[in-house]
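The values are calculated or read from the model by the stated rules, or taken from the named source; none is laboratory data. As the structure is a computational prediction, the values presented were derived from the model and not from experiment. Cβ sites come from the backbone with ideal geometry, for glycine too, and all protein chains shown count toward neighbours.
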Amino acid sequence: MPLISIQHIEKSFGTHTVLKDINLTVNKGEVISLIGPSGSGKSTILRCLSRLEIIDNGEILVDGETMVKTEQGQAVYAAKDTLQRISGKMGMVFQQFNLFPHLTVMDNLTYAPRIVKGIPEAQAIDNAEKLLKKVGLLDKQNMYPSRLSGGQQQRVAIARALAMEPLIMLFDEPTSALDPELTGDVLRTIRSLAEEHMTMLIVTHEMAFAREVSDAVVFMSDGVIVEQDEPEKIFTNPQHQRTRSFLQSML
Ligand SMILES: Nc1ncnc2c1ncn2[C@@H]1O[C@H](COP(=O)(O)OP(=O)(O)OP(=O)(O)O)[C@@H](O)[C@H]1O
Ligand SMILES: [Mg+2]
């Protein structure tokens, strides 16, 4: 079953069309990686899913519910309560960790579950402890984000997104702001989510990682999806010259 269905979406900034007829499906339990050169529109797709950008045209369904569709050439978004329900199904992790700097690690994890979902404090703490254990940071629960390494902050950001119990996780280059020696722990965390069959859409420049964890790899260039296929095919036998030259440049 598709948890995310993107159909024919278009997005322009002024006269610059950055997404052209994008079609993308993410089924339950699938890990899809989005790769491609800088400026190809990868982040814009994730930003359209999280409604940080408004699409011009096309349709997006999440878990079978219509977030936006097009009527008479106009994108029409669902009602506020539907949009809120849909947003609650997606957790997003950015390149910059965006933790609340004035809250401890524990409070970063329990804040939204308590305020947005009304989960009782004891239960929110219990849940947060399990998640911190999972990302290997239970001992940091009383620290402030500024005292943690970038890799640790990113793992807290992942745990914080998971605390809202999303159906789908969206990652936008989760390791590209990190020193190389810190990327391993973050990638391990994402890999363990893949092993638990968390549905994920991951924008990444880590080609070896994309090849290893993904069910499918989507290559974008200049606002279009050039090709999508299983990782072995994309990495060993790409069908398009643009894919080949991009992969060559990533070696
Ligand atoms: N708010 C904006 N206003 C104008 N142009 C924008 C805006 N956001 C993105 N763009 C443009 O849209 C295009 C796609 O940007 P996007 O951030 O999606 O690329 P990307 O594939 O994520 O690149 P990178 O790998 O560098 O992160 C770029 O040309 C970018 O300059
Ligand atoms: Mg980007």
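Every residue in segment 33-92 that is more than 24 Å from LEU187 (Cα to Cα), buried (at least 21 other Cβ atoms within 10 Å of the Cβ) and in contact with a Lys or Arg (Cβ under 7 Å, 6 or more places away or on another chain), please.
Hits for segment 33-92 are CYS48, ILE55, VAL62.
Go through the residues of segment 50-62 one by one and say whether even a single one is out of contact with any strand residue (DSSP E or B) (no Cβ under 6 Å at 6 or more places or on another chain) and assigned to a helix (DSSP H, G or I).
No, segment 50-62 has no match at all.
Enumerate the pairs (first residue in segment 30-43 and at positive phi; second residue anywhere and within 11 Å of ligand 2 (Cβ to nearest atom) and basic (Lys, Arg)) with beta-carbon separation below 7 Å, excluding pairs fewer than 6 apart on the same chain, so at least 6 apart or on different chains.
Pairs that qualify, where the first residue is at positive phi and the partner is within 11 Å of ligand 2 (Cβ to nearest atom) and basic (Lys, Arg), are GLY36/LYS42.
Would you be able to tell me the number of residues in segment 185-200 that are more than 15 Å from GLY29 (Cα to Cα) and either in contact (Cβ under 8 Å) with a residue 12 or more places away in the chain or within 16 Å of ligand 2 (Cβ to nearest atom) (or both)?
The number of residues fulfilling the criteria is 4.
Considering LEU170, LEU132, which residue is farther than 27 Å from SER43 by Cβ and crowded, with 19+ Cβ neighbours inside 10 Å?
Step by step, each of LEU170, LEU132 is checked, and only LEU132 is farther than 27 Å from SER43 by Cβ and crowded, with 19+ Cβ neighbours inside 10 Å.
So for segment 25-40 (the condition being among the hydrophobic types (A, V, I, L, M, F, W, C), more than 16 Å from ligand 2 (Cβ to nearest atom) and at pLDDT 95 or above), does at least one residue qualify?
yes
Name every residue in segment 201-247 that is assigned to a loop (DSSP other than H, G, I, E, B) and touching a residue at least 40 places away in the same chain (Cβ under 8 Å), in order of residue number.
Within segment 201-247, THR204, HIS205, SER214, ASP215, ASP222, GLY223 meet the criteria.
To keep it simple, each residue is scored yes or no on (1) farther than 21 Å from PRO2 by Cβ; (2) modelled with pLDDT of 95 or more.
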position: ALA157; (1), (2): yes, yes
position: THR183; (1), (2): yes, no
position: LEU201; (1), (2): no, yes
position: VAL218; (1), (2): no, yes
position: VAL224; (1), (2): no, yes
position: GLN228; (1), (2): no, yes
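Go through segment 141-181 and give me each residue that's free of Cβ contacts under 8 Å to residues at least 60 places away in the same chain, more than 13 Å from the chain's Cα centre (by Cα) and under 14 Å from GLN96 (Cα atoms).
Matches in segment 141-181: PRO145, SER146, LEU148, SER149, GLY150, GLY151, GLN152, GLN153, ARG155, VAL156, LEU178, ASP179.
Would it be correct to say that GLU165 is under 22 Å from THR110 (Cα atoms) and either touching a Cys at 6+ places or on another chain (Cβ under 6 Å) or among the acidic types (Asp, Glu) (or both)?
yes
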